[in-house]
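The structure appears right after this line, and notes come after that.
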Amino acid sequence: AQSVAQPEDQVNVAEGNPLTVKCTYSVSGNPYLFWYVQYPNRGLQFLLKYITGDNLVKGSYGFEAEFNKSQTSFHLKKPSALVSDSALYFCAVRDRNYGQNFVFGPGTRLSVLP
Amino acid sequence: DAGVIQSPRHEVTEMGQEVTLRCKPISGHDYLFWYRQTMMRGLELLIYFNNNVPIDDSGMPEDRFSAKMPNASFSTLKIQPSEPRDSAVYFCASTTQGTGANVLTFGAGSRLTVL
């Protein structure tokens with residue numbers, strides 16, 4: 001069975017500081033990994049994905065994520081946070097050999113303080 | 001493309017009433033998903049379709065919930081009878097398999113309140 005954990009319900013960071021939102025996953029096969037962002041009263045928006053190759057993936061709005069196979073992690077990062085980055089962030093996994101079953105984590109609320 | 005379109009955006013109804021939520025996926029997408037989001041349970045997959053055929057409905061809570069996809073451009077999620085615990089935001093998403101890691105595109109959601 002696939003699962004995703006986001007160990008922090010809430011992350012607070014000062015504007016201009018680097019941010020990290022953590023994600024660990026469990027799949028039986030090889031994963032596709034995703035990050036989505038949700039702003040208030042909106043649907044989820046795609047940020048970035050890991051398929052294969054380079055472990056550092058760059059995405060929208062200056063976000064990047066690092067895939068670590070040995071730690072089964074896919075942490076989201078940004079070098080310098082903006083107040084407008086404040087939102088709910090979801091990590092998701094799909095097992096390459098298990099159809100289109102996307103499994104989402106519980107979400108982490110990011111607050112960037114001015 | 002206008003993206004995934006859901007209606008209504010907000011629905012307030014009384015317990016026992018029938019609720020129908022609608023979704024129009026992105027043209028050309030052959031997978032359609034229904035998710036439910038609540039504070040307590042997060043984002044839950046209810047059901048997904050491939051080429052209008054239900055593939056996995058194991059997340060559908062109970063017989064009060066039903067979903068259909070009569071054609072490639074329309075799907076409904078029906079709750080009958082509705083209960084207060086069904087209050088949630090319901091999201092529709094679509095994708096096409098293509099090559100590599102396909103991405104889900106979500107609609108704006110339908111916020112359901114059952115009184």
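Structure values in brief
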{"item": "Residue check, B:THR113 touching a residue at least 12 places away in the same chain (Cβ under 8 Å) and within 12 Å of chain A (Cβ to nearest Cβ)", "result": "no"}
{"item": "Scope the range A:78-97; condition over 16 Å from B:VAL103 (Cβ atoms) and either exposed (fewer than 15 other Cβ atoms within 10 Å of the Cβ) or small (Gly, Ala, Ser) (or both); matching residues", "result": "A:PRO79, A:SER80, A:ALA81, A:LEU82, A:VAL83, A:SER84, A:SER86, A:ALA87, A:ASN97"}
{"item": "Yes/no for A:SER84 being more than 10 Å from the chain's Cα centre (by Cα), part of a helix (DSSP H, G or I), of a type in the set (Gly, Ala, Ser) and more than 11 Å from every other protein chain (Cβ to nearest Cβ)", "result": "yes"}
{"item": "The range B:72-115 - residue that is over 20 Å from B:SER7 (Cβ atoms) and small (Gly, Ala, Ser) and, of those, modelled with the lowest pLDDT", "result": "B:GLY100"}
{"item": "In the range A:49-73, the residues that are within 14 Å of chain B (Cβ to nearest Cβ), farther than 13 Å from A:LYS22 by Cα and surrounded by 11 or more Cβ atoms within 10 Å (Cβ to Cβ)", "result": "A:LYS49, A:TYR50, A:ILE51, A:THR52, A:VAL57, A:GLY59, A:SER60"}
{"item": "Members of the range B:90-115 found to be within 20 Å of B:GLU14 (Cα to Cα), among the hydrophobic types (A, V, I, L, M, F, W, C) and buried (at least 20 other Cβ atoms within 10 Å of the Cβ), listed by number", "result": "B:LEU112, B:VAL114"}
{"item": "Elements of type strands (runs of 3 or more DSSP E) in the range A:1-64, at least 1 residues being without any contact (Cβ under 8 Å) to a residue 40 or more places away in the chain", "result": "A:44-50, A:56-58"}
{"item": "Matching option when the condition is closer than 17 Å to B:GLU44 by Cα and under 12 Å from the mean Cα position of the chain (by Cα), among A:PHE34, A:PHE46, A:PHE63", "result": "A:PHE34"}
{"item": "Among residues of the range B:1-51, those that are at pLDDT below 95, surrounded by 14 or more Cβ atoms within 10 Å (Cβ to Cβ) and away from every other protein chain (no Cβ under 13 Å), counted", "result": "0"}
{"item": "Hits in the range A:93-111 (condition: in contact with a Cys (Cβ under 9 Å, 6 or more places away or on another chain), in a strand (DSSP E or B) and at the interface with chain B (Cβ under 10 Å from one of its Cβ atoms))", "result": "A:PHE104"}
{"item": "Selection status of A:ALA1, touching a Gly at 6+ places or on another chain (Cβ under 8 Å) and aliphatic (A, V, I, L, M)", "result": "no"}
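The values are calculated or read from the model by the stated rules, or taken from the named source; none is laboratory data. Just so it is clear, the model here is predicted, and its values are computed rather than measured. When we count neighbours, we look across all protein chains shown, and the Cβ atoms used for this are built from the backbone with ideal geometry, even at glycine.
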